[in-house]
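Data block below; observations after.
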Amino acid sequence: PVVPDFNHLNLESNPLLSNSFDDEWTNILFVGRLIPNKRIEDVIRFFHTYQTRYNQKSRLLLVGSHDGFADYHALISALLGRLGTHDVHMVGHVSNEELTAIYNIADLFLSASEHEGFCVPLIESFYKEIPVLAFHAAAIPSTMDGAGVLYDHKDPRHVASLMHAVLSDDSLADEIIHSQNGALDRLQAKDFSATLFNFIDQVGNIPRRSPPTVAWDFWKQFDLSEKLDELRQYRPAVFQALPEDTPST
């Protein structure tokens, strides 16, 4: 279990970031590492559609490190160039004071992630009373516990219309925040120690299994698989031109 602790968001906010982005513009926020499973390219497409269709005075703040994923960062930058999307800020890794400032000026938290074990930034957004719009995948529905807004298909026009609905209707945004406050109260009321010890007891009672056989070149195969997946997603013509794998005789 993830034990919620929000002391790092109660600090005095960094004035440089506050002064840079605290204006009449709409701030769309994503917090998390800029890595493939977060589907940052989808966040960018959604924002691009929202900005061009509904609100040109809007910006996207991508907060998180891309260390170890330089190729993915380059793909994101190339996508921004192809779309011609402006006012997208890759803020990078930030201090707690900077993170506090960013949450304080955010109008909507937008997630397109397809693989999460919990996703702490969702709960941080609940705590900072920022409406959350997130893709219905992995553990995200469980984490949100009926609060916020979930979407289940990634048509940019559909997601952009949801963004506009939340951002243009104060009463709707208030209802969403109210639901998030309730989910946060339920989360904080849980007995995390008992949950953890119960889980440990369950694991301890499971019969032990023999360790699986791991190929000697496992990590080489893993790296190759990631490169092939990048080709499949971002250069489909090249991927389709690759020779088919034929079994050895």
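The values are calculated or read from the model by the stated rules, or taken from the named source; none is laboratory data. Predicted model, so just to flag it, every value in this text is computed and none were measured. Positions of Cβ are backbone-derived with ideal geometry, glycine not excepted, and every protein chain shown enters the neighbour counts.
Applying the condition of being modelled with pLDDT under 80 and within 32 Å of the chain's Cα centre (by Cα) to the stretch 233-249 and asking which residue is farthest from Glu41 (Cα to Cα) yields Pro236.
Say we look at the stretch 59-84 and pick out the residues that are farther than 19 Å from Leu231 by Cβ and either of a type in the set (D, E, K, R) or touching a Phe, Trp or Tyr at 6+ places or on another chain (Cβ under 6 Å) (or both); which of these is surrounded by the fewest Cβ atoms within 10 Å (Cβ to Cβ)? Only one residue fits best here, namely Asp67. Could you look through the stretch 53-93, keep only residues that are among the polar types (S, T, N, Q) and without any contact (Cβ under 8 Å) to a residue 60 or more places away in the chain, and pick out the one that is nearest to Phe109 (Cα to Cα)? Within the stretch 53-93, the match that is nearest to Phe109 (Cα to Cα) is Ser58.
In the set (1) in a helix (DSSP H, G or I); (2) over 30 Å from Ile40 (Cα atoms); (3) of a type in the set (A, V, I, L, M), the condition left unmet by Ala215 is number (1). When the helices (runs of 4 or more DSSP H) confined to the stretch 132-201 are screened for residues that are surrounded by fewer than 19 Cβ atoms within 10 Å (Cβ to Cβ) and modelled with pLDDT of 95 or more, those reaching at least 3 such residues are found at 156-168, 170-188.
Kindly indicate whether Glu41 is farther than 30 Å from Arg186 by Cβ, surrounded by fewer than 16 Cβ atoms within 10 Å (Cβ to Cβ) and out of contact with any Ser or Thr (no Cβ under 9 Å at 6 or more places or on another chain). Taking the combined requirement at face value, the residue does not satisfy it.
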